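Coordinate-derived values only; no laboratory data. Keep in mind it's a predicted model, so treat the numbers as computed, not measured. Because the Cβ atoms are built from the backbone with ideal geometry, glycine has one as well, and the counts that use them run over all protein chains shown.
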């Protein structure tokens, strides 16, 4: 059974969705860069080990990433999962976990990287928005795409209503992507991800769409 470590910065709603998804993995630990993160309390209530590596206690991004990597490695994970981890990671850190570091982004990458994705989507007038699970590379919010889910954008949407609809899909596709990894159904080749759906232990996801 593969071991995973989850990194959070706040409440960690995606983390909670992963914890409650009954995945075929061992969740070795939840680690936050903020000792006061509410998600650590949620993880502890689920019986998961927790730890904090406070970025404010380190003089540079590189020093923090080194300390964080040491803490992660103490749990010997097969996969490191970013679940609302609000830190830009150094190239050295990303390369250390190449091919076993994933993130979820609230947009259909490569569209709208960075922050304020829902505001940007509404400003651009897109008709379809969504979320993306991807392997992390040194380029922020880029990397081979594992899974995506789309939602419609309505005329009367606000950033908050759109965010709520996207978050519902995040809570579905992130656990499923981790399941694929755990079941060795992901192949990363030439910067593209191939998923063996034929041998899935559960039906493939379907994104709800209004008739």
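Some points to look at:
- For segment 18-40, a residue qualifies if it is in a helix (DSSP H, G or I) and crowded, with 20+ Cβ neighbours inside 10 Å, and the qualifying residues are 18, 19, 39, 40.
For (1) buried (at least 17 other Cβ atoms within 10 Å of the Cβ); (2) under 28 Å from residue 164 (Cα atoms), each residue gets a yes or a no:
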residue	(1), (2)
44	no, yes
67	no, no
70	no, no
82	yes, yes
102	yes, yes
105	yes, yes
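- Taking the criterion of being assigned to a helix (DSSP H, G or I), out of contact with any strand residue (DSSP E or B) (no Cβ under 8 Å at 6 or more places or on another chain) and within 20 Å of residue 1 (Cα to Cα), the only residue of segment 41-93 that qualifies is 73.
- Of all the residues in segment 131-147, those that are touching a helix residue (DSSP H, G or I) at 6+ places or on another chain (Cβ under 8 Å) and on the phi > 0 side of the Ramachandran plot number 0.
- Of the residues making up segment 141-154, those that are assigned to a loop (DSSP other than H, G, I, E, B), surrounded by fewer than 18 Cβ atoms within 10 Å (Cβ to Cβ) and over 13 Å from the mean Cα position of the chain (by Cα) number 1.
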